[in-house]
Each structure stands twice: as structure tokens, then as C-alpha cells.
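Okay, so here's the structure we're looking at.
The values are calculated or read from the model by the stated rules, or taken from the named source; none is laboratory data. These figures come from a predicted structure and were not determined experimentally. Please note: Cβ atoms are built from the backbone with ideal geometry, for glycine as well, and neighbour counts cover all protein chains shown.
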Amino acid sequence: MGPGLSKERKEELDAEYERNLRDDQQNEERNRLDQIRKIMKERQAEFEDGMKKKENDLLSEAEKNLELIQDALGDLEDLKVQNQQKLENWKSNFDERGKQMKQELREEGDREIEKRQNDLKNYMEKLEKLQEELNEKRGALLKSMEEQNEFKEKLQKEHEEFTVNSVKDHQERLSKGKYELFNFQKSAKEDMKKLQEKEQAKQSEMMDEKKKQSAYQLSTNFQMLEAIKRDEKNVDFKSECDSIRMFYNRFKRSYGNDEQAIRKMICEMERNEKLKNKPQINDTLAVFGKFCDKAESVYQKLPKKYQYLAETFKTIKSQKSKIEVEMVEIQNSIKKFKKAQKESTILVDFQIKAQFENLQKLVNDLDDVILKFNIESSNQLLEVLDKTMEESSRIALQRIENGSENESGSQAAINN
């Protein structure tokens with residue numbers, strides 16, 4: 001800034017420069033936050049659309065599995081009716097066959113008895129003709145009659161045994177058929193129960209998945225809000241650090257003017273000339289004091305995340321007193337030289353050169369310290385969004401794989 005400007009004009013230009021710089025920084029940060037919120041809204045919409053599509057796919061798949069189970073139940077009921085009809089037909093045929101066999105045996109026995117009776121009748125006619133032989137052969141006839149009675153009883157007994165065995169065999173077959181039917185119905189009920197339990201487990205799994213999805217969504221939203229808060233805190237602290245650098249730049253501009261003036265003034269002192277270049281050290285001290293006050297104000301409310309800057313603030317506080325001492329010493333040296341010129345004496349010891357060198361070194365050291373206040377912008381919200389999208393893709397892929405396995409398991413259970 002040219003030497004022709006007044007102190008008030010310099011302060012107005014510095015203040016205007018400071019306001020413009022702060023406005024530009026705030027506009028830049030607001031635009032960046034708006035872009036971040038827009039990206040978050042777009043990604044949130046994409047995520048919700050993807051989850052809605054996956055949910056519709058799962059519901060469609062559940063309806064298909066339910067239709068398969070209902071078809072299997074219908075086939076099972078038809079098979080049950082067919083087996084019942086087969087059992088009734090078999091039972092009816094077996095009863096009819098038993099009756100027929102019993103009737104045939106009865107008719108065969110009657111024919112045999114009738115034949116025996118006819119033979120006996122013929123024999124009795126012969127006995128009438130052979131009366132005489134009857135007495136002689138009476139014992140033989142009686143014996144023959146007894147044998148015939150025994151044979152008749154034996155034949156009747158065999159017929160009764162055959163009938164009993166046939167009925168018993170029929171009952172055993174009927175009982176076996178009922179037992180097989182009972183086992184078939186029991187097996188069918190167990191298969192049905194397994195299918196129902198599997199479907200209930202799948203429905204429960206789907207409900208658990210929805211609960212996990214809701215919990216994950218809440219957690220993601222919470223993480224996004226926390227990331228936004230951290231980004232906003234970063235913006236606030238970055239703005240504070242930018243203000244520190246801005247105050248320091250104001251100090252450096254004022255110090256730069258003094259530095260040039262002091263160099264020229266030292267040359268004038270060495271030639272014992274009247275001092276034409278007068279540094280504005282009081283103004284520079286005032287600007288430097290504002291810089292240090294700003295740094296101390298930020299240090300008093302330093303966030304935990306930036307505690308690593310604590311030593312930097314302490315260094316500024318330590319350098320403050322040293323720089324102020326050197327500036328005051330330079331002012332005293334200037335006063336001493338002016339006094340010597342006024343008294344027409346010559347100063348041989350120019351301490352101002354060493355004081356100026358010390359001041360330069362202190363300011364250069366402070367330049368390195370100020371670089372640490374160049375805070376990078378936070379991208380935690382974008383990191384959370386990227387992590388969320390990656391996790392969502394992984395969950396969706398796993399859900400698709402699990403759905404394919406469940407469909408294969410249901411089809412296998414129906415086939416068995």
C-alpha cells in the first residue's frame with residue numbers, strides 16, 4: 001500500500017479486503033454445502049428406489065412360492081381321494097370274491113352230499129333185495145355208515161376251516177390296507193407340516209430382514225447427520241483459522257512496509273544522515289496484537305479434533321512477547337539515534353541491526369507456524385455416502401443369492 005495513503009484510508013482498505021475475503025470464503029463454503037446436500041438427496045433417492053424394487057421382487061417371489069405350495073396341496077388332496085377310491089374298490093372286490101367262493105363251496109358240498117345220499121339210497125334198495133345178506137353184512141354196513149358220517153363231518157369241518165381262513169385272510173388284508181393308508185396320510189401330513197414350517201420360517205426371515213433394513217436405514221441417517229455436523233464444525237473452524245491467517249497477512253503487510261523502512265533507516269544511521277524513512281511500528285504492533293488476540297480467542301474454544309494445534313497456539317503466544325520486545329527495542333534505538341543527532345553526537349554502537357535481525361528471524365519462524373492453520377475441507381459426508389452405497393449393494397446381492405437358494409429348497413421339498 002503506497003506511502004501517500006492516510007492511516008484511516010489504509011484501515012478502510014484493509015477492512016474492505018478482509019470483508020471481501022470473508023464473504024468469498026463463506027459463499028464458497030455455502031455453495032459446497034449445497035452441493036453436498038444435493039448429492040446426499042440424489043443418492044438417498046437412488047437408495048430408496050433400489051430398496052423399493054428389491055422389496056417388490058421379494059414379494060413377487062413369495063407369491064410364486066405360495067402358489068407352488070397351494071398347487072402341491074391340491075395335488076396331495078387329489079391323490080388322497082384317488083387312494084381312498086382305490087381302497088374302497090379293492091375292498092368291494094374282495095368282499096364279492098369271498099362271497100362267491102363261499103357260495104361255490106357250499107354248492108359243491110351240497111352236490112357231494114346229494115350224491116352220497118343217492119348212493120346210499122341205491123344201496124338201501126339193494127339191502128331190501130338182499131335182506132338175508134343184510135343180517136350178515138349189518139356190521140359192515142354200520143361201519144360203512146359210521147365212516148360215511150365221519151367223512152361228512154370231516155368234509156364239513158374242512159369247509160368251515162376254509163371259510164374261517166378265508167375270512168381271516170380277508171380281514172388281515174383289509175387291516176393291512178388300512179395301516180398303509182394311515183401311514184400314507186401320516187406321511188402326507190408331516191410333509192405338509194414341513195412345508196408350512198418352512199414357509200413360516202421364510203416369512204419370519206423376511207420380517208427380520210425388514211427390521212434390519214429399517215435399523216440400518218436409521219443408523220445410516222444418523223451417520224449422515226453426524227457427518228454433516230462434523231463437516232459444518234470443520235467449516236466453522238476452518239473459517240476461524242482463515243481469519244487467523246487473514247489477520248496475520250494484515251500484520252505481514254504492515255511489517256513488510258516497516259521492514260523496508262528499517263533497512264533504509266539503518267543505512268541512513270550508518271551515514272549519520274537525517275532519518276527520512278520512519279517505520280510505523282506502533283501501527284504494526286496494533287495489527288500484530290489483533291492477530292494474537294484472534295489466535296488466543298480461537299485457542300480458548302479449540303475443538304477436541306484439533307487439539308494437535310494446541311502447541312501451535314502456544315508457540316504464537318510465546319513469539320508474541322519476543323516480537324513485541326524486539327519492536328520496542330527498535331523504537332528505543334531510533335529514539336536514541338535521534339537524540340544523539342539532536343545533541344550533535346555520533347553513535348558508534350548500532351544495536352538496531354542486531355535487533356532487526358532478531359525480529360526478522362522471529363517473524364520468519366512465525367511464518368512456518370502459520371502454515372499449520374491451512375485446514376483442509378472435510379468430506380466425511382461423502383465418505384459416509386460412499387460407504388452406505390457399498391454396503392447397500394452388498395446386502396442386495398446377498399439377498400438375491402439367498403432368494404435363489406430358498407426357491408431351490410422349496411421346489412425340492414415339493415418334489416419329495
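Exactly one residue out of Asn31, Asn118 is under 30 Å from Val384 (Cα atoms), of a type outside the set (D, E, K, R) and at pLDDT 85 or above: that is Asn31. Assess whether Leu397 counts as being at pLDDT below 80, closer than 30 Å to Lys52 by Cβ and loosely packed, with under 12 Cβ neighbours inside 10 Å. In short, yes. Among Glu180, Glu226, which is the only one that is surrounded by fewer than 13 Cβ atoms within 10 Å (Cβ to Cβ) and either farther than 22 Å from Gly74 by Cα or outside the structural domain of Leu59 (by TED's automatic domain parsing) (or both)? So the residue among Glu180, Glu226 that is surrounded by fewer than 13 Cβ atoms within 10 Å (Cβ to Cβ) and either farther than 22 Å from Gly74 by Cα or outside the structural domain of Leu59 (by TED's automatic domain parsing) (or both) is Glu180. Across segment 315-330, a minimum of one residue is classified as assigned to a helix (DSSP H, G or I), within 50 Å of the chain's Cα centre (by Cα) and of a type in the set (A, V, I, L, M). Looking across Gln103, Gln84, Gln117, one residue alone is in a helix (DSSP H, G or I), touching a residue at least 60 places away in the same chain (Cβ under 8 Å) and assigned by TED's automatic domain parsing to the domain that holds Lys168. It is Gln84.
Counting only residues that are of a type in the set (Asp, Glu) and surrounded by 11 or more Cβ atoms within 10 Å (Cβ to Cβ), which one in segment 29-54 is farthest from Leu397 (Cα to Cα)?
Filtering first and then ranking leaves Glu29.
The set of residues in segment 264-279 that are touching a helix residue (DSSP H, G or I) at 6+ places or on another chain (Cβ under 8 Å) and in contact (Cβ under 8 Å) with a residue 60 or more places away in the chain comprises Met265, Ile266, Met269, Asn272, Lys274, Leu275.
Checking the stated criteria, Ala215 turns out not to satisfy the condition of being assigned to a helix (DSSP H, G or I), at pLDDT below 80 and surrounded by 15 or more Cβ atoms within 10 Å (Cβ to Cβ). Filtering Asp258, Asp236 for residues that are in contact with a Pro (Cβ under 7 Å, 6 or more places away or on another chain) and either surrounded by fewer than 15 Cβ atoms within 10 Å (Cβ to Cβ) or modelled with pLDDT of 90 or more (or both) leaves a single hit, Asp258.
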